[in-house]
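Here's a structure for you.
The values are calculated or read from the model by the stated rules, or taken from the named source; none is laboratory data. Bear in mind the structure is a predicted one, so any value in this text is a computation, not a measurement. Note that we place each Cβ from the backbone using ideal geometry, even for glycine, and neighbour counts take in every protein chain shown. Surface areas here come from the heavy atoms of the whole protein model, side chains and all, with no ligands, DNA or RNA. Shrake-Rupley method; radii C 1.70, N 1.55, O 1.52, S 1.80 Å.
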Amino acid sequence: MCRVWDSRTWQVTNTFPAKQYIQTHCDISANGNHLLSSSNGFGGQGCEATLWDLRQPGCKVVEYRGHRETTACCVFLPSSPGGPALVASSSHDCSVKIWDQNTAGNTALHYPTMPYPSELNGLYLLIMFILLGSFPIFLITLSLSEACLTTLTLDGSGPLVSLAPSDSSSLLCASFNTGLHVLHHHTDGLDLKEVARF
């Protein structure tokens, strides 16, 4: 469970629902509107980062899924003027992922046509059947949960345990086996590379 405290009054201002797996890290956006939390897990179960809306207590905006082991850290990346809002996550699976915060959870309701599976291109499909009297209503929801812009795997690094953005294009990543990695990403989040290691 995540709780947000007002440091002036020591009172809880927001409480977010408990998740199935232990929460490992949290970060608050620069504008104070969102909280990002990451989850323990294994084999792709759990292992997500979750974006919460602080203006609507308990409101989960989106889950960023794609790591195979515990997502140890998640952070909001400083945005450059006119650039997209980006989120980064690191995992015990030796990978760092950058996500587009604003497109990862877009959902659209479509009635009554359904795209063929070949048209989904990584979109997840949820179909809910609701019965009203004797007439079924088909509710089809498409969710862009695979909105990862780029992934960098640091082979041999062991679990990646923390992230710290240093500016709008640099990110520090700590690992168990190979120390501190300095990563550089393009402002659109589409390119991520290691530029130094300590």
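Cβ-Cβ below 8 Å, separation at least six or inter-chain, first residue in the stretch 163-179 and exposed (fewer than 14 other Cβ atoms within 10 Å of the Cβ), second basic (Lys, Arg): which pairs?
Short answer, once both residue conditions are applied: Gly179/Arg197.
Under the condition of being more than 15 Å from Gly83 (Cα to Cα) and open to solvent by 30 Å² or more (accessible area, probe 1.4 Å), which residue from the stretch 180-193 is farthest from the chain's Cα centre (by Cα)?
Across the stretch 180-193, the extreme among qualifying residues is Leu180.
Still on this structure, I have one more. Go through the stretch 154-192 and give me each residue that's farther than 23 Å from Ser37 by Cβ, in contact with a strand residue (DSSP E or B) (Cβ under 6 Å, 6 or more places away or on another chain) and among the β-branched types (Val, Ile, Thr).
Result: Val182, single match.
For the stretch 1-57, give me the residue count where each residue is of a type in the set (Ser, Thr, Tyr) and closer than 19 Å to Ala88 by Cα.
Here is the first cut: in the stretch 1-57, the ones of a type in the set (Ser, Thr, Tyr) are 7, 9, 13, 15, 21, 24, 29, 37-39, 50.
Right, trim to closer than 19 Å to Ala88 by Cα and you get 24, 29, 37-39, 50.
Result for the stretch 1-57: 6.
Keeping to the stretch 149-158, report how many residues are open to solvent by less than 40 Å² (accessible area, probe 1.4 Å) and either within 18 Å of the chain's Cα centre (by Cα) or at positive phi (or both).
Counting residues in the stretch 149-158 that are open to solvent by less than 40 Å² (accessible area, probe 1.4 Å) and either within 18 Å of the chain's Cα centre (by Cα) or at positive phi (or both) gives 3.
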